[in-house]
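First comes the structure, then the notes that go with it.
The values are calculated or read from the model by the stated rules, or taken from the named source; none is laboratory data. Just so you know, these numbers come straight off a predicted model, no measurement behind them. As a convention, Cβ positions derive from the backbone with ideal geometry for all residues, glycine included, and neighbour counts pool all protein chains shown.
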Amino acid sequence: MPELLIRREGPIGTVVFSNPEKYNAMSYDMWRALPPALAELDADPSIRLVVLEGAGDKAFVSGADISQFESSRTDPQAQARYNASVEAAYQAPVACSKPVIAKIRGICMGGGLGLAAACDLRICSSDARFRMPAGRLGLGYNLPGVRRFTTIIGVQNTYDIFFSARIFGAEDALRMGFVTRVTAAGDLDAAVSEWTAMAAENAPLTLRALKRTVNELIKDPDARDQAAVDEAIAACFRSDDYREGARAFMEKRKPDFKGR
């Protein structure tokens, strides 16, 4: 049955896209389930970072479940509901105050590529395969979605992958800047675990402030919430963690951050 699975391991929360018979294609219910899943992990004070991954070793997410298009995307009202659920899912990693990492192996196409673009960082295995097939499906891609791609990979690469609808590999994704790291297929789990463990040791309020600042920075200038950025930064300087960081530095020891 297509579903999302939530796992917790120490300070790392994981959301698993599970629809293995269709290479983890996103059903309508899966789209709808992602925002509450991420909100649950965001509200959990024991969780410092969140990882999104696909079940099994063949796909991150192969896209939207096209078998549902005829029933959910032809009638204007049904299409509006479906599109709203998809956009809410794309916004969920952005809205999460904690870092969200896409762990990509195998197929990452269409809606999967959009979900990965909505994450803060992307790490993939060497066997990852990417594609934006909107041009082959007759779909229009909205402004927030296109902005996510131009912000990450630039205008020329965005034109390239959308105009051509070509399949591209991990090294091309790295060249574009879509992913930050490529690992051997068998090393992906260890690489992501190592990186998230390292980041989870840092001050949570600092990570939250940085994410808020970057998210505001990539908006149009007249839409930025400078007050929210200022408050996120001020919260860092008011925190016990700020004092703990200074003490740990002076005492030449690892800081013990509490997120407050």
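A few points about this structure:
- In the stretch 198-221 there is no residue that is more than 23 Å from S46 (Cα to Cα), modelled with pLDDT of 95 or more and surrounded by 18 or more Cβ atoms within 10 Å (Cβ to Cβ).
- Subset of the stretch 27-42 that is under 12 Å from I6 (Cβ atoms) and hydrophobic (A, V, I, L, M, F, W, C) - its residue that is surrounded by the fewest Cβ atoms within 10 Å (Cβ to Cβ): A39
- Within the stretch 171-194, if we keep just the residues that are in a loop (DSSP other than H, G, I, E, B) and of a type in the set (A, V, I, L, M), the residue that is farthest from K103 (Cα to Cα) turns out to be A184.
- Residue tally, condition over 16 Å from the mean Cα position of the chain (by Cα) and in contact (Cβ under 8 Å) with a residue 12 or more places away in the chain, over the stretch 175-185: 5
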